[in-house]
1. With 10 angstrom as the radius, rank 529, 558 by how many other C-beta atoms surround their C-beta, starting from the fewest.
2. Specify the angular offset, from 0 to 90 degrees and rounded to the nearest 10, of the alpha carbon long axis of helix 32-42 from the longest principal axis of the alpha carbons in the chain.
3. Rounded to the nearest 0.05, what FRET efficiency is calculated for residue 535 and residue 133 with R0 set to 60 Å and r the Cβ-Cβ distance?
4. Mind ranking 376-386, 395-405 by how tightly packed they are, going by the mean number of other C-beta atoms within 10 angstrom, highest first?
5. Just to be sure I understand the model, the point goes 7 Å from the Cα along the line to the Cβ. What's the resulting residue 459 to residue 611 distance in nm?
6. With just the Cα atoms defining each centre, how far is the stretch 252-266 from the stretch 342-371? Give it in Å.
7. Could I have the simple spin-label model distance between residue 505 and residue 167, label points 7 Å from Cα toward Cβ, reported in nm to one decimal?
8. Among 533, 331, 247, which comes first, second and so on when ranked by fewest other beta-carbon atoms within 10 Å?
């Protein structure tokens with residue numbers, strides 16, 4: 001005898017009630033379509049369909065595997081010292097392409113705002129300008145009772161809210177100074193005393209550290225800047241200052257840091273040639289491992305074009321070869337230690353060809369993420385071996401200072417000294433780029449610029465895209481009685497999910513009932529918007545003879561990734577950012593990939609007989625629709641709802657809400673969205689409730 005649990009009995013009863021309701025409707029002559037529609041509508045808690053949540057993740061993983069495999073082939077081909085030397089020169093050049101060009105070096109204007117005296121060292125509280133009126137707060141640890149000059153170290157902080165005052169970073173600075181090193185430890189942008197978006201209480205309105213990094217960094221891409229370069233420039237200027245001090249031996253200057261500071265240590269090793277040694281902690285792995293493990297990454301951890309150039313973490317350290325470098329990792333870190341080992345063996349091969357195998361090291365601590373004592377001691381031993389300044393094997397006793405003791409500013413923020421915030425630099429550059437773009441672009445010029453900046457491939461000679469027909473689920477309450485789903489392949493491993501709505505059931509290949517088609521590019525989900533978006537019902541009513549299609553481009557709706565965190569695709573640190581920032585590294589803007597999806601769906605519509613397409617886009621879908629409308633002759637009308645008004649307005653606004661996935665790196669050097677909107681007037685452009693920088697109507 002079967003015993004049903006109470007919950008199962010409830011669902012069974014509900015199922016029976018719904019089936020009974022359908023048969024009642026059928027007996028009343030209302031038809032199966034209405035019955036199934038009403039059955040679906042009766043469930044007011046329909047979740048948007050998402051049947052392909054790992055499609056985008058696997059596509060990007062495959063892209064990175066291909067990049068890594070090609071780079072590994074180049075590394076494996078190195079067999080002589082000359083090969084190794086050529087490789088080092090090549091990675092240095094590629095790093096310059098990714099991080100450059102650098103700004104002009106301007107006066108540092110350093111000033112000491114206080115001194116903390118301790119028995120065997122002193123701490124000078126320092127402020128300098130890495131750029132004009134862009135203040136950097138730092139602590140300079142100087143040993144007492146020793147003969148100068150001594151080795152110097154620039155310390156880079158991880159994502160601590162209190163920056164240089166964090167116990168972990170005070171610890172390695174004290175540990176080094178007690179052994180005879182001069183240490184300059186500086187606050188990163190948006191941490192410690194350098195918050196960029198402060199209110200009247202000198203608190204961040206965005207969020208300390210990661211959130212300010214993403215917020216400022218995403219905006220910077222529009223004007224061709226990279227937050228990682230800005231942060232590395234702070235480190236370069238910190239080294240410039242350190243080398244002005246008579247206490248420092250310029251032949252022995254190293255760099256170290258943990259986590260986000262491990263990132264900066266790695267990048268600084270690649271961009272600056274004056275280091276004599278380096279020790280990045282809790283960062284170095286491989287780009288592939290991070291993505292495979294669904295690990296979110298800060299803006300500054302993802303250099304533009306790095307993957308397109310074939311660079312990996314190990315290459316930034318290879319740029320220092322054959323100087324001493326040790327990778328400090330952790331067995332239980334979220335930065336995958338397997339990747340740390342892979343980076344080490346790549347470098348070991350390179351260093352062995354250069355006759356300096358002893359100058360590359362790997363230490364794996366047993367604990368979790370952080371610059372813990374075992375990793376600090378491994379760094380001390382490595383630096384001491386290079387400098388001979390000390391033979392200490394264990395960390396000396398430490399006394400952690402209060403945050404306020406180390407402040408360089410009166411109340412702990414450079415904002416009170418009128419330091420220029422980073423977003424003002426971005427706005428200034430946007431205005432200068434706008435001024436430099438002279439005159440209106442012709443349609444041909446605009447199309448060339450759009451293809452170039454969005455990296456849109458030429459598909460003119462390709463046949464109509466391959467497609468699959470999916471079995472439909474139960475009715476969803478759509479504005480037409482029948483719907484069919486097609487997977488239209490736009491890239492290897494990527495399919496746009498297209499719904500076709502009609503008055504008849506269609507389970508086979510589509511056919512053009514009319515030469516006219518409406519293609520709606522969804523904002524977040526075709527399934528949800530077909531049930532809730534009033535514009536779609538209006539489109540059907542105004543053009544009943546056109547066949548209605550909707551499309552979820554990659555990462556939207558049916559292919560919304562369930563990675564990084566559950567239901568967090570649109571969060572600032574969510575999956576949409578993860579793939580958008582990897583697109584920056586691959587030199588294929590995410591919105592450009594989505595535009596390519598729309599263009600291939602337009603090709604597909606033409607292949608089945610639709611000659612005139614009314615292209616419609618909303619919100620996140622408005623930009624792929626706009627760009628595709630500019631590029632495609634198959635589009636005869638364009639309607640955009642909630643499209644951003646201007647990239648320049650986003651770049652010049654202190655506050656904005658558009659995600660990285662709709663932004664185009666460097667776009668303002670070539671064109672802006674109003675250029676596209678002007679061109680689309682020839683296609684009867686209709687704009688509904690355009691949204692400003694805050695993603696809200698003006």
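The numbers here are math on the coordinates, done by the rules we state, and not lab data. Quick caveat: nothing in here was measured; it's all calculated off a predicted structure. Cβ: placed from backbone, ideal geometry, glycine included. Neighbour counts: every protein chain shown.
1. 529, 558
2. Value to nearest ten degrees: 40.
3. On the way: r = 47 Å, r/R0 = 0.78.
Efficiency for this residue pair is about 0.80.
4. Ranked by mean Cβ neighbours within 10 Å, highest first: 376-386, 395-405.
5. Each label point is offset 7 Å from its Cα along the Cβ direction, giving 2.2 nm.
6. 15
7. 6.8
8. Placing the least packed residue first, the sequence is 331, 247, 533.
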